[in-house]
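Q: The structure follows.
We did not get these values from a lab; they are worked out from the coordinates using the rules stated. None of these values were measured; they are calculated from a predicted model. For neighbour counting, all protein chains shown are included, and Cβ atoms are generated from backbone atoms with ideal geometry for every residue, glycine included.
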Amino acid sequence: MTVNTVVKKALGVKSMVVNSMELTKTAKGESKLIVHARPHKNKQCRCPYCDNGRRLPIYDSSHELSHWRALDFGGLLVEIESESPRVTCPVHGVVTAAVPWAFPKSRFTKDFDLTVAWMARRLNKSAVSSYMRISWETVGRCVSRAREYLEPDTSSRLDELKRIGIDETSYSKGHKYITTVVNHDTNTVVWVAEGHGKSVLEAFFQQLTQEQRDAIEVVSGDGARWITACVDEYCNNACRCTDPFHVVEWATQALDELRKEAWREANNELKTLKKEIKRGRGRPAENDQASKILSTAKERAKEIKNSRYALGKAPENLTENQEVKLAMIQANDNRLYRAYMMKESLRLLLKTKDPIKAEMELNHWLSWAQRCRIPTFVELGRKIKRHKEFIMNFIRTGISNARVEANNNKISLLIHRSFGFRNLTNLVDLIMLVCSNIVIPLSNRASMVKKSA
Ligand SMILES: [Zn+2]
């Protein structure tokens with residue numbers, strides 16, 4: 001076996017001729033291998049967009065060399081260097097001729113683009129950029145090319161939709177929104193768009209045929225009126241649901257409001273105490289006791305301030321430290337603890353799979369909320385009462401709320417992670433790729449059977 005064959009195998013390209021190789025250094029002093037190559041005779045002068053395999057007339061053959069970054073060989077930076085003439089395509093006009101190792105307009109090899117997409121699906125921003133030695137912006141472009149190659153037409157995702165979920169995620173400090181539509185049956189994202197509201201969601205429904213709209217049985221989402229309005233207008237056969245994931249989120253928000261209020265009160269108390277102590281300066285015996293009171297008050301304010309996660313989490317997921325915080329709140333702040341208990345019992349009752357039992361428990365909870373004398377929770381009770389029918393609809397559909405929650409969390413995490421992409425298309429492509437069952441092939445590996453969601 002010749003060295004050239006090994007190099008071609010390592011690069012994962014068949015239709016190429018390796019002329020020579022050269023070891024150089026990059027500007028940073030890293031070793032770099034340059035592979036001087038050209039496409040195989042029967043792959044030369046092809047249009048990158050038409051797949052007819054016809055040789056096209058050369059428009060101008062510049063002797064300037066182009067470079068494509070390939071996957072590293074054992075940490076050694078690899079680049080393919082080749083001439084890239086322009087050809088005249090009867091359909092696409094004057095275009096740079098295709099090369100068998102790269103996607104159109106890419107300065108990276110196909111394997112490189114696909115590997116980056118595979119990594120971006122699983123790893124965080126800095127891990128992908130630093131391992132692959134590319135910027136986060138470039139990661140976005142690699143992902144888009146991989147998505148385009150693996151799924152040129154995403155409209156097939158809109159076929160056979162029965163149970164869908166609509167969610168909006170805010171990012172960039174809440175200034176921008178992304179609306180996503182999820183197919184609950186396949187757990188994949190089927191549609192993504194920038195913005196939120198009725199006009200944005202309408203674009204989704206308008207893309208569907210009348211038959212496709214009629215086939216939709218369930219539309220879930222948060223309590224937003226614009227979702228209800230769209231469902232009423234476009235899906236005659238659909239049942240509108242509010243998923244419990246969002247209801248628990250409302251309760252968590254209400255609890256957090258209350259926590260902030262409690263913290264403000266504790267802080268004010270602390271200030272008053274400090275003033276009083278200042279006034280009583282000069283009496284040592286009393287001072288000793290006063291400083292004790294002061295430190296207790298300080299401790300209390302601090303506990304409340306840092307208890308956001310302890311209050312928001314499910315009790316089974318609490319760390320030891322958070323358990324202590326919760327115990328402190330239970331001992332010192334009856335109102336906040338009661339609100340916490342209400343949030344927890346709401347969360348648990350929404351897990352009930354039996355609709356009759358769930359409705360009974362929800363009614364019980366609603367009357368508890370009405371009598372609780374905590375304004376934010378009385379208000380929360382009213383809101384839940386307004387959405388009761390939609391919440392019950394969700395429980396009746398039997399869609400797993402845990403799955404909805406996991407999916408929504410995954411999408412919002414992804415949006416927050418990748419909002420550094422300047423180009424929104426890259427972000428949309430990443431969401432579509434990550435929240436799908438597309439298998440991304442890796443170089444020189446047998447096709448991976450395991451579908452990664
Ligand atoms: Zn063409």
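Q: Under a straight-distance cross-link criterion of Cα-Cα below 28 Å, which lysines are reachable from residue 292, leaving out those fewer than 8 residues away in the same chain?
A: Hits, sequence-local ones excluded: 260, 271, 274, 275, 278, 302, 305, 325.
Q: Could you give the nm distance between label points at residue 370 and residue 27, where each point is 7 Å from its Cα heading toward the beta carbon?
A: It works out to 7.1 nm between the two label points.
Q: Same structure, new question: What's the angle, to the nearest 10 degrees (0 to 90), between helix 244-279's Cα axis and the longest principal axis of the chain?
A: 60
Q: Also, quick follow-up: Roughly how tilted is helix 136-150, in degrees to the nearest 10 and between 0 and 90, from the longest Cα axis of the chain?
A: Approximately 70 degrees, to the nearest 10.
Q: How much length is gained on full extension from residue 15 to residue 276, taking 0.36 nm per residue of separation minus their Cα-Cα distance? Don't jump to the answer; show the numbers that get you there.
A: Numbers: separation 261, 0.36 × 261 = 93.96 nm, distance 8.57 nm.
Extra length from residue 15 to residue 276 when fully extended: 85.4 nm.
Q: Which percentage, to the nearest 5, of the DSSP beta bridges contained in the chain is antiparallel?
A: On the way: 36 of 49 bridges.
Of those bridges, close to 75 percent are antiparallel.
Q: Classify the chain as rounded, prolate or oblate from the Cα gyration tensor: take a ≥ b ≥ c as the square roots of its eigenvalues, call it rounded if a/c is under 1.5, otherwise prolate when a/b beats b/c and oblate if not. Please report the intermediate quantities before stating the final value.
A: Details: a/c = 3.24, a/b = 1.75, b/c = 1.86.
Note, shape of the chain comes out oblate.
Q: Do any GluC sites (Glu not before Pro) in the stretch 33-123 lie in a DSSP loop with no more than 12 other beta carbon atoms within 10 Å, and if so, which? Walk me through the intermediate numbers first.
A: Numbers: sites: 64, 79, 81, 83; in loops: 64.
Here the sparse-neighbourhood loop sites are 64.
Q: Be a star and scan the stretch 227-243 for residues whose amide nitrogen sits under 16 Å from the point 7 Å along the Cα-to-Cβ vector of residue 206.
A: Only 230-231, 233-235 pass the distance filter.
Q: Using the number of other C-beta atoms within 10 angstrom as an exposure proxy, rank 21, 16, 328 with the fewest first.
A: Numbers: 21 15, 16 21, 328 18.
By the 10 Å Cβ count, ascending: 21, 328, 16.
Q: Okay, moving on. Quick one: angle between helix 401-418 and the longest Cα principal axis of the chain, in degrees between 0 and 90, rounded to 10, please.
A: Between helix and principal axis, roughly 60 degrees.
Q: Pairing rule first: another cysteine's C-beta must sit under 4.7 Å. Under that rule, which cysteines of the chain stay single?
A: Singleton cysteines: 45, 142, 230, 235, 239, 241, 372, 435.
Q: I'd like the distance separating the alpha-carbon centroids of the stretch 197-246 and the stretch 306-378, in whole Å.
A: Cα centroid of the stretch 197-246 versus Cα centroid of the stretch 306-378: 31 Å apart.
Q: When the convex hull of the C-alpha atoms of the stretch 3-107 is computed, what volume per residue in Å³ does it have? Provide the component values of the computation, followed by the final result.
A: Working: hull volume 10.9 nm³, N = 105.
Spelled out: Cα convex hull of the stretch 3-107, divided by residues, is 104 Å³.
Q: Let me ask something additional. How far is it, in nm, from the label point at residue 122 to the one at residue 36 when both lie 7 Å from their Cα along the line to the Cβ?
A: Taking the simple label geometry, residue 122 and residue 36 are separated by 3.8 nm.
Q: What is the sum of charges, Lys and Arg at +1 and Asp and Glu at -1, for the other residues whose Cβ falls under 14 Å from the Cβ of residue 35? Before the final figure, lay out each step's value.
A: Numbers: positive: 8, 9, 32, 38, 69; negative: 22, 72, 79, 81, 83, 111.
Value of the local net charge: -1.
Q: List, in the order given, every pair from 353/388; 25/125; 198/383; 357/385 whose Cα-Cα distance in the structure shown is over 23 Å.
A: Working: 353/388 16 Å; 25/125 27 Å; 198/383 21 Å; 357/385 17 Å.
The pairs that break the limit, which is 23 Å between Cα atoms, are 25/125.
Q: If you don't mind, there's one more thing I want to ask. Mind checking the stretch 20-97 for trypsin sites (Lys or Arg not before Pro) that DSSP puts in a loop (not H, G, I, E or B) and that have at most 15 other Cβ atoms within 10 Å?
A: Numbers: sites: 25, 28, 32, 41, 43, 46, 54, 55, 69, 86; in loops: 28, 46, 54, 55.
Passing sites in the stretch 20-97 are 28, 54, 55.
Q: To continue, here is another question. Projecting each Cα onto the charge dipole of the chain (Lys/Arg +1, Asp/Glu -1 at the beta carbon, about the Cα centre), which of 381, 290, 206 comes out farthest on the positive side?
A: 290
Q: What's the magnitude of the charge dipole for the chain around its Cα centre, counting Lys and Arg as +1 and Asp and Glu as -1 at the beta-carbon? Answer in Debye, nearest 20. If you can, show how the numbers build up before the last one.
A: Values: 73 positive and 52 negative charges, 276 e Å.
I would put it at about 1320 debye.
Q: Given the C-alpha centroids of the stretch 13-81 and the stretch 250-270, what is the distance between them in whole angstrom?
A: Between the Cα centres of the stretch 13-81 and the stretch 250-270 lies a distance of 62 Å.
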